[in-house]
Amino acid sequence: MILDANPALARMSGHPASEIIGRPILDLLAEESRDVVGQKMQSDEVEQYEAIGLKADGTTFPIEILSRPYTYRGRPVRVGAVRDITERKQAEEALRESENRYRQGVSTTADSSMHIDPETRQILEVNSAWEQLYGYTAKQARKLGMADISAELARTEESIARTLRGELKRIPVRYHRKKDGTVFPVEVSSSTFEMEGRS
């Protein structure tokens, strides 16, 4: 049973605070979250978790709950903070969709493509055209750095630095090395982008 509620919870749920007090907390939750939250309410530990809230008009929305045990007038209760995380979930979903579209585009392009970490120079991801050109599998590629495939590392390092500064988009000729040691000329188009919070 809810013993007290602030105006923020009332606004979030669409119920006046006077209607919230005295009701079971499960009344403010979507059906699929009630069992989990009911179990968390029995815990003796601090709990932080996500659930689905239920508004007065019947719509649902994602919430984050932080609750801890507390003694109120001599009896054990839980004090909880509830946050609407709709915007965060929308941003996460938009990022996932953007990354999926990018990966799909890279994986299906006929050009050899790779992602690298500009700080470590580590190869993060390659497409099938890259595997065929360089002779490594994608799994092997993720253990390599630019030093393993560049036949002119100093110039490659300079190009990466210029790309990060936004000064370079295309390199007409650079020399790379295949798995079997063959050195060959490549044309490079480069850019930076954000993936999972990293450049």
Q.
Return the residues of region 123-145 that are part of a loop (DSSP other than H, G, I, E, B), open to solvent by 40 Å² or more (accessible area, probe 1.4 Å) and out of contact with any helix residue (DSSP H, G or I) (no Cβ under 7 Å at 6 or more places or on another chain); say none if nothing qualifies.
A. Gly135, Arg142, Lys143
(Q) Just to check your reading of the model, which residue among Glu158, Glu167 is open to solvent by 40 Å² or more (accessible area, probe 1.4 Å), farther than 17 Å from Ser112 by Cβ and part of a helix (DSSP H, G or I)? (A) Glu158
Q: Working carefully through the options Arg101, Arg88, find the one that is within 19 Å of the chain's Cα centre (by Cα), at pLDDT 85 or above and either open to solvent by 70 Å² or more (accessible area, probe 1.4 Å) or under 28 Å from Val46 (Cα atoms) (or both).
A: Arg88
Q. When residues of region 106-117 are filtered for being at pLDDT 85 or above and surrounded by 14 or more Cβ atoms within 10 Å (Cβ to Cβ), how many remain?
A. 5
(Q) Need the failing condition index for Asp148 against (1) part of a loop (DSSP other than H, G, I, E, B); (2) modelled with pLDDT of 95 or more; (3) of a type in the set (D, E, K, R), just the number. (A) (1)
Q | Complete set of residues in region 36-64 that are assigned to a strand (DSSP E or B) and more than 17 Å from His15 (Cβ to Cβ) | A | Glu47, Gln48, Tyr49, Glu50, Pro62, Glu64
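Quick test for you: out of Ser191, Ser199, pick the one residue that is under 30 Å from Ala91 (Cβ atoms) and open to solvent by 70 Å² or more (accessible area, probe 1.4 Å).
None of the other options fit; the residue is Ser191.
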Q: Would you mind stating whether Met1 is farther than 30 Å from Asn127 by Cα, surrounded by fewer than 12 Cβ atoms within 10 Å (Cβ to Cβ) and touching a helix residue (DSSP H, G or I) at 6+ places or on another chain (Cβ under 9 Å)?
A: yes
Q. Considering region 6-17 alone, what residues qualify as being open to solvent by 20 Å² or more (accessible area, probe 1.4 Å) and either small (Gly, Ala, Ser) or farther than 14 Å from Leu54 by Cβ (or both)?
A. Asn6, Pro7, Ala8, Arg11, Gly14, Pro16, Ala17
Q: Looking only at region 46-65, decide whether some residue is farther than 15 Å from Ile2 by Cα, at pLDDT 85 or above and of a type in the set (Lys, Arg).
A: yes
Q.
Checking the condition surrounded by 13 or more Cβ atoms within 10 Å (Cβ to Cβ) and touching a Pro at 6+ places or on another chain (Cβ under 7 Å), which residue from Ile20, Ile25, Ile52, Ile63 passes?
A. Ile52
Q: Name the residue, out of Arg78, Arg83, that is in contact with an Asp or Glu (Cβ under 6 Å, 6 or more places away or on another chain) and of a type in the set (D, E, K, R).
A: Arg83
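The values are calculated or read from the model by the stated rules, or taken from the named source; none is laboratory data. None of these values were measured; they are calculated from a predicted model. In this analysis, Cβ positions are derived from the backbone assuming ideal geometry, glycine residues included, and neighbour counts consider all displayed protein chains. Quick note on the areas: whole protein, heavy atoms, side chains included, nothing else; ligands and nucleic acids left out. Shrake-Rupley method; radii C 1.70, N 1.55, O 1.52, S 1.80 Å.
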